[in-house]
Amino acid sequence: MQRFMSKAAFVKSFAMVSLVAVASCSTEAGSELDEGSFGNPTMNNILVETGQKSYAVDLAKRFAEETPSTINFAFNSSQLDDNARAALAIQAKWIAQFPEMKFKVYGHTDLVGSVAYNKALGLRRAQAAVNYIESQGISRSRLAAVVSYGKSQPLVDTNNPNRENRRTVTEVDGFLKNHPTVLNGKYAEVVFREYVASAAYQTELTGTGAAGNSQ
């Protein structure tokens, strides 16, 4: 009887160890990742392991706080109005002063119309925003990832036309791998760099001011 109890105890102990091991694995970096943020889970793991993710998240928060990161559109339109262009110009000035960063622009629609049509419309809105930011002197290589959510993520849950849902949102997408600052690992320096709306960033070649945007 004693021998049987010892064996049972061993089995129970082994099971407990296995459960702990499984639980430990479930908390690895990226296991609960929202795949819409900072690329896919593999990229998320790389950012975590290299210490970049916390800095990218900090800059993403700063961008959202210091710029009008969302613009809106008329019904069934991807045309930029004066308010949208003004907001995108501010975004471009911020982006110009943080040349180590890359960005995504997400296009959204309201809930009127088919999924396929709205996805294409959301994409056109995102492309319109990216084109305008690029026209302000920002390299297209920093705005390469243009994603449309179509009508899948409304701000206001209504089937009626809604301007708040017809929008694009610009977000920080991480660091440029080939930028000198990134290669030197000076992430904190980038995060704590002051953004001044009227300022111009310093070029790395001459140390002289370079215009933050162009008309």
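How far apart, in nanometres, would the label points at Y117 and D82 be if each is projected 7 angstrom from Cα along the Cα-to-Cβ direction?
Result for the modelled spin labels: 3.1 nm.
Taking 0.36 nm per intervening residue step and subtracting the Cα-Cα distance, what contour gain separates N159 from E189 on full extension?
6.2 nm
If we sort 176-188, 101-113, 61-73 on the protection proxy, mean other Cβ atoms within 10 Å, highest first, what's the order?
Per-residue Cβ counts within 10 Å, averaged per peptide and sorted highest first, yield 101-113, 61-73, 176-188.
Values in this text are rule-based calculations from the coordinates and carry no lab data. On a predicted model such as this, the values are computed, not experimentally measured, just so you know. Cβ atoms come from the backbone with ideal geometry, glycine included; neighbour counts cover every protein chain shown.
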